[in-house]
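The values are calculated or read from the model by the stated rules, or taken from the named source; none is laboratory data. Just so you know, these numbers come straight off a predicted model, no measurement behind them. Backbone-built Cβ (ideal geometry, glycine too); neighbour counts: all protein chains shown. Side chains included, ligands, DNA and RNA excluded: accessible areas come from the protein's heavy atoms. Shrake-Rupley method; radii C 1.70, N 1.55, O 1.52, S 1.80 Å.
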Amino acid sequence: MSLLLAGGFFLLALIGLPALIREKRWRELGVFAVLWLLAAALAFLLAAGVYPPSPLESFRGLAQHLLS
């Protein structure tokens, strides 16, 4: 499963990166890289059976702390 996942993310990078590099769009390349890495990390965690906590719970706790 993780080999298929790695292949998919490699294919995604192979399609998106050359045009950004060729056109020297460095900011877009940086945003692409950050989002790509976050998505890949989350996908591999989910494939391994690790379910991260919802970010909504963190925001909810922060809001309760600030509003109380």
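Per-residue SASA remark: VAL31, around 90 Å² accessible (1.4 Å probe; ligands, DNA and RNA not included). Its DSSP H runs of at least 4 residues, each contributing -39,500 (n - 2.57), put the calculated 222 nm mean residue ellipticity of the chain at -28000 deg cm²/dmol, to the nearest 500. Projecting the Cα atoms of PRO18, TYR51, SER2 onto the charge dipole of the chain, computed from C-beta unit charges around the Cα centre, puts PRO18 farthest toward the positive end. Once the Cα atoms are used to define both axes, helix 26-47 deviates from the longest principal axis of the chain by about 70 degrees. At an R0 of 35 angstrom, the distance between the Cβ atoms of ARG25 and LEU5 translates into a FRET efficiency of 0.85.
Approximating the spin labels as points 7 Å out from Cα along Cα→Cβ, the ALA41-to-SER68 distance works out to 2.9 nm. For the chain, the square roots a ≥ b ≥ c of the C-alpha gyration tensor eigenvalues yield an a/c of 1.5 or more together with a/b not exceeding b/c, which makes the shape oblate. Computed over protein heavy atoms with a 1.4 Å probe, the accessible surface of the chain works out to 84 Å² per residue.
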